[in-house]
Amino acid sequence: MSGAPAAAPESPGWRVSPADLVDVFVYVVVLNLAAEYFPKVVTETFTLSLLTAVLLKMVLEVVVWAKDRVKARFKAATTLPAKIVAGLLLWGILVGSKFVVLELVALAFADQVQLGGFFAVTGLILVLLLSRAGVRRLLAQTPPS
C-alpha cells in the first residue's frame, strides 16, 4: 500500500468548460445591467437572473450551432434555389430564435423574468454575444513579457 491516495476515476458524464462558465457569468452581468437600465427587462431576483443566464446560454449554443450548419450549407450550395433555401432557413433561425427565447423564458419563469419584446430580446442577444466574444478575446490574449 502506498501512502498516496488513489486518484478518483474520471466520470464519463457531462462537464462544464471554463469558457461556458465564463459565458454564463458574462450573461448574468449583461442581463442584470439590462434589468437595471431598461424597464422592459425584468428579473425579480439574482437567482432568477442566474437561471435565466443558464437558459440563454443553452438556447444560444443551439442557435449558434444551427446557424453555423446553415451557413456552411449556404456556402456549399451551388445552385440559386439551394442558396435561396439556405438563406431563408438562416433568416428563419435568426428571427425564430428570438421567439423561442421569449417563449422559453415565459414558460420557465412566468412573470418573474421578462426580456421585453422581439426587438428588446434581439438587442439583448446581440449584446450578450458581443460581450461574450469580447471577454473571450480578452482572456485569450497572452500577457506581455
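Show me the ranking of peptides 95-104, 28-37, 79-88 by mean Cβ neighbours inside 10 Å, starting with the highest.
Ranking, from highest mean packing down: 28-37, 95-104, 79-88.
Less than 20 Å apart at the alpha-carbon level, and either on another chain or at least 8 residues along: which lysines does that give for Lys67?
Lys67 reaches Lys57, Lys75, Lys83, Lys98.
Ignoring ligands, DNA and RNA, what percent of the 1.4 Å accessible area of the chain is carbon and sulfur?
Heavy-atom surface of the chain belonging to carbon and sulfur, 1.4 Å probe: 71 percent.
Determine ³J(HN,Hα), in whole Hz, for all residues of the range 112-119 in sequence, where each value follows from phi through the Karplus function 6.51 cos²θ - 1.76 cosθ + 1.60 and θ = phi - 60°; x replaces Gly and Pro.
With the stated coefficients, the range 112-119 comes to 6, 10, 9, 9, x, x, 4, 6 Hz.
Which far-off residues, 5 or more places away or on another chain, put their amide H under 5 Å from the one on Val42, with H placed in the peptide plane?
Here Gln114, Leu115, Gly116 satisfy the definition.
What accessible surface, in Å², does a 1.4 Å probe find on Glu61, ignoring ligands, DNA and RNA and rounding to the nearest 10?
For Glu61, the solvent-accessible surface is approximately 70 Å².
Calculate how large, on average over all directions, the projected area of the Cα convex hull of the chain is; give the answer in nm² to one decimal. Each step should come with its number before you reach the end.
Working: hull surface 62.0 nm².
The orientation-averaged projected area of the Cα hull of the chain comes to 15.5 nm².
At 7 Å along the Cα-to-beta-carbon direction for both Leu139 and Val29, put a label point, then send me their distance in nm to one decimal.
1.1 nm
With labels modelled as points extended 7 Å from the Cα through the Cβ direction, what inter-label distance (nm, one decimal) is found for Thr79 paired with Ala106?
Simple spin-label model gives 3.9 nm for this pair.
For the range 21-61, what does the accessible surface come to per residue with a 1.4 Å probe? Please give it in Å².
Details: 2200 Å² over 41 residues.
Value for the range 21-61: 54 Å² per residue.
Who wins for biggest fluctuation among Arg15, Arg69, Arg132 in a Gaussian network model of the chain, springs between alpha carbons below 10 Å?
Judging by the Gaussian network model, the answer is Arg15.
The values are calculated or read from the model by the stated rules, or taken from the named source; none is laboratory data. Because the structure is a prediction, the values reported are computed rather than measured. Glycine also receives a Cβ, built like all others from the backbone with ideal geometry; neighbour counts cover every protein chain displayed. Keep in mind that these areas ignore ligands, DNA and RNA; they rest on the heavy atoms of the full protein, side chains included. Shrake-Rupley method; radii C 1.70, N 1.55, O 1.52, S 1.80 Å.
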